[in-house]
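To keep things clear, I will list the structure first and then write my remarks on it.
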Amino acid sequence: MTFRSLVIASVVLILDRMTKLWIVAELDLGERIPVLPVFDIVRWHNEGAAFSVLATAGGWQRWMFVALAVFFLGFIVWELRRLPRGNVLMLWVYGLLMGGAVGNLVDRVWQGYVVDFLLVYWHDAYFPAFNVADSALTVGAVLWGWAMYRESREQKRAALQSGGGSGR
């Protein structure tokens, strides 16, 4: 596993833990602090996954999400070991994904829920509240998609240059 990815993951984890601890210390559950006309700081607890999926499933989902996170982290470690040297984009991808996954995993194991505190909305339309770990996971996933797109284009370009493409 590369050192850079671990540093990125550690920074994400530290920022995630610090902000969640601060929110828990300063706000009561459900409390909201308006910051901008489209943004509030809140303290909400999410027992589900993204968009509160399975939040009211009765408790079994906690351990399913823990198992999924552990499996996902194992996959990332396996991928990091296979990563060619110099692939800086994927080092960032894996670092962000690891940090985000561990950040929310810690919450689920210790508390049974994830602390969410960033709330974006427009009038009565609300985006689900999120946190630093969720942000890192989202950015990591977007970068991963972009990396796969770039790789696909490079493979098509190489195939065309070698005469193996159909011209599309």
> Percent of alpha carbon pairs in the chain separated by more than 21 Å?
Replying inline: 55
>> So for each of 6-12, 109-115, 86-92, 145-151 I average, over its residues, the number of other beta carbons within 10 Å; can you give me the resulting order with the highest mean first?
In response: 6-12, 109-115, 86-92, 145-151
>> Sorting check: for 76-84, 15-23, which peptide has the highest mean count of neighbouring beta carbons within 10 Å, and how do the rest follow?
In response: 15-23, 76-84
>> Using the Karplus curve 6.51 cos²θ - 1.76 cosθ + 1.60 with θ = phi - 60°, what ³J(HN,Hα) values do you get for each residue of the stretch 97-107, in whole Hz, with x for Gly and Pro?
In response: 5, 5, x, x, 5, 5, x, 6, 4, 4, 4
> When the helix-only estimate is applied to the chain (DSSP H runs of n ≥ 4, each -39,500 (n - 2.57), divided by the residue count), what is the mean residue ellipticity at 222 nm, nearest 500 deg cm²/dmol?
Replying inline: -21500 deg cm²/dmol
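Read-outs throughout are calculated quantities, based only on the coordinates presented, and are distinct from any laboratory measurement. The structure presented is a predicted model; accordingly, all values stated were derived computationally and were not measured. Cβ atoms come from the backbone with ideal geometry, glycine included; neighbour counts cover every protein chain shown.
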